[in-house]
Amino acid sequence: MSPRGNPTDLNYVIAENEQLMTMIANEVVRLLEPRLRPVAEPDPEYLTLAEVARRTSFSYDFIYDAVHDGHLPAVKKGREWRVALTDMRSWMDKDRAGAARPTRSQLKDKVNRLMPGLNR
């Protein structure tokens, strides 16, 4: 369905180009649509203890004990415990950034101190 008019008229050329661009865009969308992935839902702000256990590969009991002992901050609403996603991530990263690895000479000194006579 092309617009009526003189092919040398600027408005006619613009209308033809717009129509052509629309047809191309529709065809591109039709071809790409099967390959498009749905947008992933964002992570929830709070997780249940079971979700924390699943994400960290720890047992539910270990997570519950960490909450009960105060190592993992959580909020109890009704019968359910909820852990903020940011708290879970910082709890997991806490020991990773901890103490630096001792140097070889520090390890050798410690071995000599704790087990004298081992290195002669």
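The values are calculated or read from the model by the stated rules, or taken from the named source; none is laboratory data. Note that the structure is a prediction, hence the values are computed from the model and not measured. Positions of Cβ are generated from backbone atoms using ideal geometry, with glycine treated the same way; all protein chains shown enter the neighbour counts.
What do you reckon, is Arg113 within 36 Å of the chain's Cα centre (by Cα) and at pLDDT below 95? No: the conditions fail for Arg113. Contact map, segment 54-81: first residue at negative phi, second residue assigned to a loop (DSSP other than H, G, I, E, B), Cβ cut-off under 6 Å, separation 6 or more or different chains; pairs are Ala66/Leu72; Val67/Ala74; Trp81/Ala74.
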